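Below is one structure; the comments refer to it alone.
The values are calculated or read from the model by the stated rules, or taken from the named source; none is laboratory data. Here the structure is a predicted model, which is why all the values come from computation and not from measurement. All Cβ positions, glycine included, derive from the backbone under ideal geometry; neighbour counts span all protein chains shown. When the accessible area is computed, the model is the full protein with side chains, heavy atoms only, and any ligands, DNA or RNA have been set aside. Shrake-Rupley method; radii C 1.70, N 1.55, O 1.52, S 1.80 Å.
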Amino acid sequence: MLVLGIESSCDETGVALVQAAGVGVPRLLAHALHSQIEMHQAYGGVVPELASRDHIRRVLPLAQEVLGQAQRGLPELDVVAYTRGPGLAGALLVGAGVACALGAALRKPVLGVHHLEGHLLSPFLSQDPPEFPFVALLVSGGHTQLMLVEGVGRYEMLGETIDDAAGEAFDKSAKLLGLGYPGGPALSRLAQQGDPAAFKLPRPLLHSGDLDFSFAGLKTAVLTQVHKLGDALEARKADLAASTEAAIVEVLVRKSLMALDRSGLERIVVAGGVGANRRLREHLDAACARRGVRVHYPELSLCTDNGAMIALAAAMRLQAGVQQASAAYAFDVKPRWPLQALAA
Ligand code: KG4
Ligand code: ZN
């Protein structure tokens, strides 16, 4: 079974081809990505209308690139998958529209995929794929969730952020430090030259006793420090970046360990853009190694948004028999779509 996957929920257009046979983990044959980061940089964040228009320009050339790389032709496709949500409505409509048009033209069925399920399953494409069940820490620009994953489509929410997502905390703090967009990678690069203990920043909900997160207050604390420092900010920027990163990472690691304790599981998967963060990886790896817990990450190139995870999630849903691809081509998109709403 050959599945073409199209991701267009936010600011990356991703297309990929995976092959699935029997019940084995699907194999990635090719993937291509166009990041809109440069285009949005001038605005300090994603401009939805520009994002949609750029997806339109990129998606078919990327599909051709992927098919060329894999030396496959359009008629060989069995299923066309696309991100149905959550994300920017206009951007999602591009991927959904193109996938359904392709499907209709080729007389092949289509399947709408949950973006977060894509992130969650993306470590299955790594050299060291996980096995079910596991705890998943989903940390992206829009979501921060701890999930209990028992199988494809069997997701139980253990905790989530009550306000900003971890990626948002990185991005907003980076903006306050004048680091531009996207802030996460920039802040974490600068943090390497700073002292993570230089500033005492809050660790929100660290002792709340539940598995929820809150990051909105951290941004306010960073703003307060920026104001206090005034002209001295430039000289202390790396320290403040390092302290901010340390606060976010400590909360993510501690709550992940709590989730492991509560579930009794000895395996955790980290997915989403913030999963690329080096400090998070180092601290989680060290803490889990002490407890004999296995940690799985997607390949670094598949941490942020991509088409591979969408093609993979579609293939795994079909393999597990939890969903059928449809030839109705009556697509809709779901800009807001809780992962737990995915019926197994
Ligand atoms: O999963 P993703 O690509 O898009 C969403 O679905 O949101 O995640 C993007 C988020 C952004 O907030 C970005 O700043 C953050 O991931 N991010 C990082 C790093 N790389 C990406 N945050 C911290 N450290 C990084 N190295
Ligand atoms: Zn994402």
Margin query: How long are the semi-axes of the equivalent ellipsoid of the stretch 50-113, taking √(5λ) for every eigenvalue λ of the Cα gyration tensor, in whole Å from largest down?
Written below: 20, 15, 9
Margin query: Sequence gap of 8 or more, or different chains, plus Cα separation below 17 Å: how many lysine pairs satisfy both in the chain?
Written below: 11
Checklist line | Estimated [θ] at 222 nm from DSSP helical runs (n ≥ 4, -39500 (n - 2.57)) normalised by residues in the chain, nearest 500 | finding: -13500 deg cm²/dmol
Item checked: Dipole in debye (nearest 20) - the stretch 209-344, about Cα centre, beta carbon charges: Lys, Arg +1; Asp, Glu -1 -> 200
Note to self: Give me the tail of P(r) for the stretch 219-337 as a percent: Cα-Cα pairs with distance above 23 Å.
What the structure shows: 55
Margin query: At 1.4 Å probe size, with the rest of the protein present, what percent of the exposed accessible area of the stretch 262-316 is carbon and sulfur atoms?
Written below: 46
Notebook entry, point to check: Of the peptides 69-79, 310-320, 87-97, 141-151, how do they stack up when ordered by the mean number of other Cβ atoms within 10 Å, highest first?
Noted result: 310-320, 87-97, 141-151, 69-79
Next item on the list: Pull out a ≥ b ≥ c, the square roots of the eigenvalues of the alpha-carbon gyration tensor of the stretch 279-337, then state rounded if a/c is under 1.5, prolate if not and a/b is larger than b/c, and oblate in the remaining case.
Entry: prolate
Next item on the list: On a C-alpha basis, how far is the centre of the stretch 116-162 from the centre of the stretch 230-262 in Å? Whole number, if you could?
Entry: 22
Notebook entry, point to check: How many angstrom separate the Cα center of the stretch 27-67 from the Cα center of the stretch 165-201?
Noted result: 25
Margin query: Treating only the Cβ of Lys, Arg, Asp and Glu as charged (+1, +1, -1, -1), what charge dipole size does the stretch 1-94 show about its Cα centre? Round to the nearest 20 debye.
Written below: 160
Check: Among Leu177, Leu111, Ala101, which residue has its Cα positioned farthest towards the positive end of the charge dipole of the chain, with +1 placed on the Cβ of Lys and Arg, -1 on the Cβ of Asp and Glu, and the dipole taken about the Cα centre?
Finding: Leu111
Notebook entry, point to check: Once the other residues with Cβ under 12 Å from the Cβ of Lys255 are scored (Lys, Arg +1; Asp, Glu -1), what is the net sum?
Noted result: -2
Notebook entry, point to check: Which translational diffusion coefficient, to the nearest whole µm²/s, is obtained for the chain from the Stokes-Einstein equation, given a Kirkwood hydrodynamic radius over C-alpha pairs, 20 °C and 1.002 mPa s?
Noted result: 105
Margin query: Which order do you get for Arg267, Arg58, Arg27, Arg291 if you rank them by accessible area with a 1.4 Å probe, largest at the top?
Written below: Arg27, Arg291, Arg58, Arg267
Notebook entry, point to check: Which shape class, rounded, prolate or oblate, goes with the stretch 119-272 when its Cα gyration tensor gives a ≥ b ≥ c as root eigenvalues, a/c under 1.5 marks rounded, and past that a/b bigger than b/c marks prolate?
Noted result: prolate
Note to self: Residue by residue through the stretch 305-322, what is 3J(HN,Hα) from phi via Karplus (6.51 cos²θ - 1.76 cosθ + 1.60, θ = phi - 60°)? Round to whole Hz and write x for glycine and proline.
What the structure shows: 4, 6, x, 4, 5, 6, 5, 4, 4, 4, 4, 5, 5, 5, 4, 6, x, 8
Check: Using alpha carbons only, how many degrees (0 to 90, rounded to 10) separate the axis of helix 48-70 from the longest principal axis of the chain?
Finding: 60
Checklist line | Charged-residue dipole, Cβ positions (Lys, Arg, Asp, Glu), the chain about Cα centre, Debye nearest 20 | finding: 120
Note to self: Can you give me the convex hull volume of the Cα atoms of the stretch 46-152, divided per residue and expressed in Å³?
What the structure shows: 127
Notebook entry, point to check: What net charge is computed for the residues neighbouring Asp305, neighbours being all others with C-beta under 10 Å from the C-beta of Asp305, Lys and Arg scored +1, Asp and Glu -1?
Noted result: -3
Note to self: At R0 = 25 Å, how high is the FRET efficiency between Gln127 and Gln71 if r is their beta carbon distance? Nearest 0.05 is fine.
What the structure shows: 0.60
Checklist line | Length-normalised contact order of the stretch 24-116 in % [C-alpha pairs under 8 Å, at least 6 apart] | finding: 29
Check: Listed highest first by mean packing, meaning other Cβ atoms within 10 Å per residue, what order do 174-182, 10-18 come in?
Finding: 10-18, 174-182
Notebook entry, point to check: At a 1.4 Å probe, what is the % contribution of carbon and sulfur to the accessible area of the stretch 4-61?
Noted result: 57
Next item on the list: With unit charges on the beta carbon (Lys/Arg positive, Asp/Glu negative), name the residue among Ser35, Val46, Val80 whose Cα is farthest towards the positive pole of the charge dipole of the stretch 22-115.
Entry: Val80
Next item on the list: Find the accessible area per residue for the chain; the probe is 1.4 Å, ligands and nucleic acids are left out, and the unit is Å².
Entry: 41
Check: Over the stretch 137-215, what lengths in whole Å, largest first, do the semi-axes of the equivalent ellipsoid take, defined as the square roots of 5 times the eigenvalues of the alpha-carbon gyration tensor?
Finding: 27, 16, 11
Checklist line | Stokes-Einstein D (µm²/s) once Rh is taken as the Kirkwood radius of the stretch 1-87 over alpha-carbon pairs, at 10 °C in 1.306 mPa s | finding: 115
